[in-house]
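Working notes, structure below.
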Amino acid sequence: MEARVKWVEGLSFLGESASGHQVMMDGNAGDKAPSPMEMVLMAAGGCSAVDVVSILKKGRNDVSGCEVKLTSQRREEAPRYFTHINLHFIVTGSDLTEKIVERAVQLSAEKYCSVSLMLEKAVKVTHSFEIKIQ
């Protein structure tokens, strides 16, 4: 996998993936675009959400929505890396049980989500969930 990041102006940078997709990042506290640390947080949520939805769909569960609310704590001093991240899943569908959703979240957390598993090497990563029956 490859990517590139190009300086635009001030502390704004344009990232481009090998697949040609672009995203702006802003090192000025997220003034014009997400900061790089916000991108890391969103990447963890996106990776895990893909897993959870995929696992639920493969199990032929009727899932109609999945949102991940991410909260984090960072060090006060530089380097201001994450010390804790919680991924809270809000899964919507019909006939979803706690056991089914818990298993999907657990599989993502322990086996499939590359981003979260990589971050876990340095950060305490926790997961929680709730189910909204439609």
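The values are calculated or read from the model by the stated rules, or taken from the named source; none is laboratory data. Computed from a predicted structure; not experimentally measured. Cβ atoms come from the backbone with ideal geometry, glycine included; neighbour counts cover every protein chain shown. Surface areas here come from the heavy atoms of the whole protein model, side chains and all, with no ligands, DNA or RNA. Shrake-Rupley method; radii C 1.70, N 1.55, O 1.52, S 1.80 Å.
Select from the range 54-75 the residues that are part of a helix (DSSP H, G or I) and either touching a helix residue (DSSP H, G or I) at 6+ places or on another chain (Cβ under 7 Å) or open to solvent by less than 50 Å² (accessible area, probe 1.4 Å) (or both) and write down the one among them that is farthest from residue 116 (Cα to Cα). The qualifying residue farthest from residue 116 (Cα to Cα) is 56.
What number of residues within the range 1-53 satisfy the criterion of being open to solvent by less than 70 Å² (accessible area, probe 1.4 Å) and among the aromatic types (Phe, Trp, Tyr)?
The number of residues fulfilling the criteria is 1.
The residues in the range 113-134 that are in contact with a strand residue (DSSP E or B) (Cβ under 7 Å, 6 or more places away or on another chain) and open to solvent by 80 Å² or more (accessible area, probe 1.4 Å) can be counted, and the count is 4.
Restricting 115, 68 to those that are of a type in the set (A, V, I, L, M), in contact with a Gly (Cβ under 6 Å, 6 or more places away or on another chain) and closer than 13 Å to residue 48 by Cα reduces the list to 68.
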